[in-house]
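The values are calculated or read from the model by the stated rules, or taken from the named source; none is laboratory data. Note that this is a predicted model, so its numbers are computed, not measured. Positions of Cβ are generated from backbone atoms using ideal geometry, with glycine treated the same way; all protein chains shown enter the neighbour counts. Protein only, heavy atoms only, side chains kept; ligands, DNA and RNA dropped before computing areas. Shrake-Rupley method; radii C 1.70, N 1.55, O 1.52, S 1.80 Å.
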Amino acid sequence: MLEVQTLFKRHFNFSATHIVRAPGRLELLGNHVDYNDGLVLSLAVDRYIEIASSPRTDGKIELISSSFPEPEVFWSNEFKKNPAAPWADYVKGVLDQLHKRGVNFNGFNAAIHGTIPMGAGMSSSAALEVATALTVRQLYPFSLNETGAALPPTRDSQGKLPPLSNTEKLHFAKVCRAAENQFVGVQSGLLDQISSLFGKAWHVMEIDFQSLSVQLTPMAGEAIIVCNSGVKHSLVAGDYNELRVQCENAAKALGVKFLRAVDPQFLAANKAKLTPREYECAFHVVSEIQRVIFAVKALREDDHQQFGQYMFQSHESSRHFLKNSVPELDLLVDLARTQPGCLGARLTGGGFGGATINLVAHHQAEAFMANMARLYQERTGHKMQPILCQIVDGAG
Ligand code: GLA
């Protein structure tokens, strides 16, 4: 957190009063099923968005970022997009949501520093949203309940706020998701925000999006490695929203609220009610949810070999049915498959570029990373530095 403090001091000429951070996440299994009320396995990982901040009383908010040259300045009661600083939309979107829920806050200065590669499907945007909400909580303490702002928490004798309860984490996640849906314009589900808040070191989160509950299962003993294809994925581009519409239309045509309610037999029997594209998307979602159920069983039995098979299958389903893969991601999975010690590999997150997640036996992780970097460069001409990730605690 030293860098973000230094960044703050260099720009504002004094020290920040608060520093928060929120981790990125990796979707281990369960592609595009969160907004279908399904089940997803996810991890919070040791790449973060950090925000150093201090309050100000003139109602102005001044943001700087280590990734963008220009500061962004606006008033604390007026949140408008600035096409020259789209990165600030995630901050403004959260502030807008908090404001709408009756949270009172004044201005502040904030420096943002991130170690989550952007566009790699590791949810730097959700981490920025979560870190923004936590920054406001530090500067202008508030609580959230179902309807909006509630009685603020009290600081202890050292000035520390109590950690967020699980119920409140869920409210924070919803505020951040609403920011993304309404301000940024991506109709994403709750996966990224829940993962950034609920993660636990060395554990896999099993998130049930119907009950909005999180169960934790330990997963030690294998390496989690990300291979970033370098193909930029931009969720705002509309491909993501398009998949969501197909799934919603399929659910409607099948007479259910969400595809979670559909099993493979029912889907097969009712195929004629769907357009070919709706069927493909529904087929992916319904079979992916089944895969997650089986994968949880494998995980609990410590059968990582079997677990990895579900990851490979998931990728094939995303590739052929959901069609959110790209040739570079397929290549990464195909290369990984041939590497000793690789138990599973698949695209992770929204798709249309971004990264793959690989489950690799620990003692073969180093060789895996070196080989993947070499082979990917040989085949595409592009440099790719695999990232070894550690599973960490969530924010808040
Ligand atoms: C993105 C979205 C999530 C989820 C994944 C795909 O990360 O933000 O809500 O839908 O894609 O599983």
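Quick test for you: out of Thr154, Thr115, pick the one residue that is touching a residue at least 24 places away in the same chain (Cβ under 8 Å), of a type in the set (Ser, Thr, Tyr) and open to solvent by 40 Å² or more (accessible area, probe 1.4 Å). Walk me through how you get there before you give the answer.
Details: Thr154 fails: touching a residue at least 24 places away in the same chain (Cβ under 8 Å).
The conditions single out Thr115.
From the residues in region 1-53 that are within 16 Å of the ligand (Cβ to nearest atom) and of a type in the set (Lys, Arg), which one is most open to solvent (accessible area, probe 1.4 Å)?
Across region 1-53, the extreme among qualifying residues is Arg47.
In region 123-146, which residues are assigned to a helix (DSSP H, G or I), within 16 Å of the ligand (Cβ to nearest atom) and open to solvent by 10 Å² or more (accessible area, probe 1.4 Å)?
Residues satisfying the conditions are Ser124, Ser125, Leu128.
Taking the conditions exactly as written (within 16 Å of the ligand (Cβ to nearest atom) and either over 30 Å from Lys252 (Cα atoms) or open to solvent by less than 60 Å² (accessible area, probe 1.4 Å) (or both)), does Asp96 satisfy them or not?
No: the conditions fail for Asp96.
If you check Ala120, Ala179, Ala149, which single one turns out to be within 16 Å of the ligand (Cβ to nearest atom) and either open to solvent by 10 Å² or more (accessible area, probe 1.4 Å) or closer than 21 Å to Phe209 by Cα (or both)?
Exactly one of Ala120, Ala179, Ala149 is within 16 Å of the ligand (Cβ to nearest atom) and either open to solvent by 10 Å² or more (accessible area, probe 1.4 Å) or closer than 21 Å to Phe209 by Cα (or both), namely Ala179.
Looking at (1) more than 19 Å from Leu26 (Cβ to Cβ); (2) assigned to a helix (DSSP H, G or I), find the lone condition where Asp156 falls short.
It is condition (2) that Asp156 fails.
Check off (1) closer than 25 Å to Gly93 by Cβ; (2) assigned by TED's automatic domain parsing to the domain that holds Pro83; (3) among the basic types (Lys, Arg) for Lys200 and give me the number that stays unchecked.
The number of the failed condition is (1).
To keep it simple, each residue is scored yes or no on (1) touching a strand residue (DSSP E or B) at 6+ places or on another chain (Cβ under 6 Å); (2) open to solvent by 30 Å² or more (accessible area, probe 1.4 Å).
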{"position": "Ser188", "(1), (2)": "no, no"}
{"position": "Trp202", "(1), (2)": "yes, yes"}
{"position": "Met205", "(1), (2)": "yes, no"}
{"position": "Val214", "(1), (2)": "yes, yes"}
{"position": "Thr217", "(1), (2)": "yes, no"}
{"position": "Gly221", "(1), (2)": "no, yes"}
{"position": "Asn228", "(1), (2)": "yes, yes"}
